[in-house]
1. Determine how large the accessible area of residue 188 is when every protein chain is in place; take a 1.4 Å probe and give Å² rounded to the nearest 10.
2. Near residue 166, within a Cβ-to-Cβ distance under 14 Å, what is the net charge of the other residues, with Lys and Arg +1 and Asp and Glu -1?
3. Is segment 132-191 rounded, prolate or oblate when judged by the Cα gyration tensor, a ≥ b ≥ c being the square roots of its eigenvalues, rounded requiring a/c under 1.5 and prolate requiring a/b larger than b/c?
4. Determine the sum of side-chain charges near residue 67: Lys and Arg each +1, Asp and Glu each -1, restricted to other residues whose C-beta is under 13 angstrom from that of residue 67.
5. Need one number: nm distance between label points at residue 84 and residue 208, each 7 Å from Cα along Cα→Cβ, rounded to one decimal.
6. For a 20 Å ceiling on Cα separation, which of these pairs sit above it: 61/111; 61/163; 96/204; 61/152; 61/204; 152/204?
7. Under a point spin-label approximation (7 Å from Cα along Cα-to-Cβ), what is the residue 97-residue 52 distance to one decimal in nm?
8. Accessible area per residue for segment 98-145 in Å², computed with a 1.4 Å probe and the full protein assembly in place, what is it?
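The values are calculated or read from the model by the stated rules, or taken from the named source; none is laboratory data. Predicted model, so just to flag it, every value in this text is computed and none were measured. Every residue, glycine as well, gets a Cβ built from its backbone with ideal geometry; the counts of neighbours run over all protein chains shown. Ligands, DNA and RNA are excluded from the accessible area calculation, which covers all protein heavy atoms including side chains. Shrake-Rupley method; radii C 1.70, N 1.55, O 1.52, S 1.80 Å.
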Amino acid sequence: VSVGQLLRQGFGLFLMYDAACKYLQAAFKGIEMKIALFALLTVLSSTAWSQSCELPAAQIKVANIGLGQSFTQFKQGHPSAAKSSFGKDAVHIEFKNRQGHSDSTDTVLEKQGVTSAMHIALNPQTDRIVSYALNFSEGPLADFNTPLDTFKQRLQQRFNLPKQGWKKQDNSYVYRCTDYIIDIQQDHGDGRQALGASVLVISKDSDMFNDY
């Protein structure tokens, strides 16, 4: 093998190595660009949800239940209310009927159109309401056949809720701002975990807030 042939072979290998390096650099740049784009979209998505609140959290009340309301204040309007613990980090409000058995609502909530209080959660440290979910499927505001838009409109007319900034998602309207989340749902009783017409309200102080 001559020196010239060796030089030509070496130069050929060098060109192949250089081309491979450029290909890998381009590939990695593409991956880096995709990662950067994904991160940007994630930030933009979270920013879109992080709107300022049209109403202060203290003014958000459905069926006269308020975020940040103490259990003592709540019990003044609901004499049959009692606390029920589900471990040290989960305290909910339930209602006792005349026989002393647990019930999902009381006459005060029923007069507001509530079929059942699915949950009213307290912060164990502050003893204040941080989230609640109410069902309206068999009351004057809704039944299983009531359209979602009609149910939302009736709630806004009856209770103190934001007027703008709602996002429609499948069978619900969601309002999310820096201090709370409101989810108005109507699944018409269709499905294994169907609830019908319901409302979920979550404070930023709830563990559910960042996971919702």
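1. It works out to around 90 Å².
2. Values: positive: 152, 163, 167, 168, 176; negative: 54, 149, 170, 183.
Computed value for this residue: +1.
3. Details: a/c = 1.82, a/b = 1.44, b/c = 1.26.
Prolate.
4. On the way: positive: 61, 128, 204; negative: 179, 205.
Net local charge, residue 67 excluded: +1.
5. Between residue 84 and residue 208, the simple spin-label model gives 1.5 nm.
6. Values: 61/111 15 Å; 61/163 14 Å; 96/204 29 Å; 61/152 14 Å; 61/204 15 Å; 152/204 22 Å.
Beyond 20 Å between Cα atoms: 96/204; 152/204.
7. About 4.9 nm separates the two model spin labels.
8. It amounts to 52 Å² per residue over segment 98-145.
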